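Quick notes on the structure that follows.
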Amino acid sequence: MTVFSTFSNNDDKTKEEVNSKLRNKIEHLLGDYQDVLSKNVEKASIKFIINRQGEIIVLSVNTSKDNLASFIKSKLNYKVASIKNVKFLKTYTLPVKFVKE
């Protein structure tokens, strides 16, 4: 039983680390988004997978702004994630908040 819980804790830590790295990578890839915003704050939910080549494939972007969805897809689709321990072909969902400065 102890061995199982130790492995479980390591899996949770690895999962959190992968999720954090994915979030940082996507934030970096989105880059400068200021020109796309029409309001001070825009929210979106990005659903994506990582294919076997390590590329981000955007499945859908849930937002009310078409131009924001197009921007996200153009910035992320087929960009290499380069993250260790990522699960290929697993669906990830990432909520994103864009703030105009």
Checklist entry - Mind checking the angle between helix 66-76 and the chain's longest principal axis? C-alpha axes, 0 to 90 degrees, to the nearest 10. => result 50 degrees
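The range 2-99: percent of C-alpha pairs farther apart than 23 Å? Could the numbers behind the result be given before it?
Values: 1441 of 4753 pairs.
Distances greater than 23 Å cover 30 percent of the Cα pairs.
Quick one: net charge around Asn77, please, counting Lys, Arg +1 and Asp, Glu -1 for every other residue with C-beta under 15 Å from its C-beta. Please report the intermediate quantities before stating the final value.
Numbers: positive: Lys25, Lys47, Lys73, Lys75, Lys79; negative: Glu55.
Combined, the nearby Lys, Arg, Asp and Glu give +4.
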Checklist entry - Could you give the angle, 0 to 90 degrees to the nearest 10, between helix 2-30's Cα long axis and the longest principal axis of the Cα atoms of the chain? => result 20 degrees
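Where a number appears in this text, it was derived from the coordinates with a stated rule and is not lab data. Worth saying up front: this structure is predicted, and the values here are computed from it rather than measured. Note: ideal-geometry Cβ built from the backbone for every residue, glycine included; neighbour counts use all protein chains shown.
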